[in-house]
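Trainee: This structure is in structure tokens; I'll ask about it shortly.
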Amino acid sequence: MTSASYSSAAAEPFEGLRIRGVAKTFGTDTTVLNEIDLDVHPGELISLVGSSGTGKSTLLRIIAGLEEPSAGRVTYAGQPLERGSVGVVFQRPILYPHLSVKDNILFPTRLGAFAGRVDADYYRELLEALKLEGLESRKPSQLSGGQAQRVGIARALIRRAPVVLFDEPLASVDEQMSASIRADIVRLHERYGFTGLYVTHDQNEALMLGQRVAVM
């Protein structure tokens, strides 16, 4: 059974990411999340730290709309959070093997309401910030693990989603590359001001990345 809380003194309605009373039960007796309350202010990056099995990834899946909560709600700026308003960086980047780096990054802009909405200047900015210039024509099989994760980050950011979730994205990357990508994430957050939640089991990483830290 896991619970976490984060108090906010902000007046209603809260303009950031608000999680209230979120619970998740599997079957009849396995409670993974128990009445989670969490506020992330607009433009804030919070680290969510906890050991394996505390429900961190389950909470992120609920926020992203990939999992239904058993109870509670998730809102952004006072409204239910829609899937298109969230960018997600997974622990292992899920890239389309037949697509180039460029097409993998731009893939979300070819779906639904985002179809055709490509900001070429912003795309180039992401390539530069994530050190992907010159790799646009490569396929995922031609990338290192760190390069593939950088592509995953660019894809999560390409739609300028107001909320970006990071689910232990550096867990499978070597320490040298992890340090470089951590610095990139900090710079991207400072530059674009997305509202972010960064999940990790590493307390040092949580302190380095998060403006605040929530513990599960």
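Trainee: Can you tell which of Gln147, Gln91 is over 30 Å from Ile19 (Cα atoms) and either touching a residue at least 12 places away in the same chain (Cβ under 8 Å) or of a type in the set (Gly, Ala, Ser) (or both)? Let's see the steps before the verdict.
Mentor: On the way: Gln91 fails: over 30 Å from Ile19 (Cα atoms).
Just one listed residue meets the conditions, Gln147.
Trainee: Also, I was wondering about something else. Can you tell me which of (1) hydrophobic (A, V, I, L, M, F, W, C); (2) at pLDDT below 90; (3) more than 25 Å from Ile185 (Cβ to Cβ) is the one Leu81 doesn't meet?
Mentor: (3) is the only condition that Leu81 fails.
Trainee: Separate question: Taking region 36-79 only, how many residues are loosely packed, with under 15 Cβ neighbours inside 10 Å, in contact (Cβ under 8 Å) with a residue 24 or more places away in the chain and part of a strand (DSSP E or B)?
Mentor: The total comes to 2.
Trainee: A further question on this structure: When region 80-92 is examined, which residues are found to be in a strand (DSSP E or B) and farther than 16 Å from Gln147 by Cα?
Mentor: Filtering region 80-92 for residues in a strand (DSSP E or B) gives 80, 86-89.
Across region 80-92, the qualifying residues are Pro80, Val86, Gly87, Val88.
Trainee: Could you check region 1-22 and list, in sequence order, the residues that are surrounded by fewer than 19 Cβ atoms within 10 Å (Cβ to Cβ) and modelled with pLDDT of 90 or more?
Mentor: Across region 1-22, the qualifying residues are Arg20, Gly21.
Trainee: If you don't mind, another one. Hey, can you tell me all the residues within region 104-125 that are in contact with a Lys or Arg (Cβ under 9 Å, 6 or more places away or on another chain) and modelled with pLDDT of 85 or more?
Mentor: Passing the criteria: Asn104, Ile105, Leu106, Phe107, Pro108, Thr109, Tyr122, Tyr123, Glu125.
Trainee: Here's a follow-up. If you check Arg155, Arg73, which single one turns out to be closer than 30 Å to Glu15 by Cα, out of contact with any Phe, Trp or Tyr (no Cβ under 9 Å at 6 or more places or on another chain) and at pLDDT 90 or above? If you could, list the steps in order and put the result at the bottom.
Mentor: On the way: Arg155 fails: out of contact with any Phe, Trp or Tyr (no Cβ under 9 Å at 6 or more places or on another chain).
Going through Arg155, Arg73 in turn, just one is closer than 30 Å to Glu15 by Cα, out of contact with any Phe, Trp or Tyr (no Cβ under 9 Å at 6 or more places or on another chain) and at pLDDT 90 or above: Arg73.
Trainee: Given the condition within 27 Å of Ser47 (Cβ to Cβ), touching a residue at least 60 places away in the same chain (Cβ under 8 Å) and in contact with a Gly (Cβ under 9 Å, 6 or more places away or on another chain), answer yes or no: does some residue in region 120-131 qualify?
Mentor: Scanning region 120-131, I find no residue that is within 27 Å of Ser47 (Cβ to Cβ), touching a residue at least 60 places away in the same chain (Cβ under 8 Å) and in contact with a Gly (Cβ under 9 Å, 6 or more places away or on another chain), so the answer is no.
Trainee: Which members of region 93-103 meet the condition of being surrounded by 15 or more Cβ atoms within 10 Å (Cβ to Cβ) and under 15 Å from Gly145 (Cβ atoms)?
Mentor: Pro93, Leu95, Val101 - these are the residues of region 93-103 that are surrounded by 15 or more Cβ atoms within 10 Å (Cβ to Cβ) and under 15 Å from Gly145 (Cβ atoms).
The values are calculated or read from the model by the stated rules, or taken from the named source; none is laboratory data. Only a predicted model underlies this, so the values are computations on that prediction, with no experimental measurement involved. Glycine also receives a Cβ, built like all others from the backbone with ideal geometry; neighbour counts cover every protein chain displayed.
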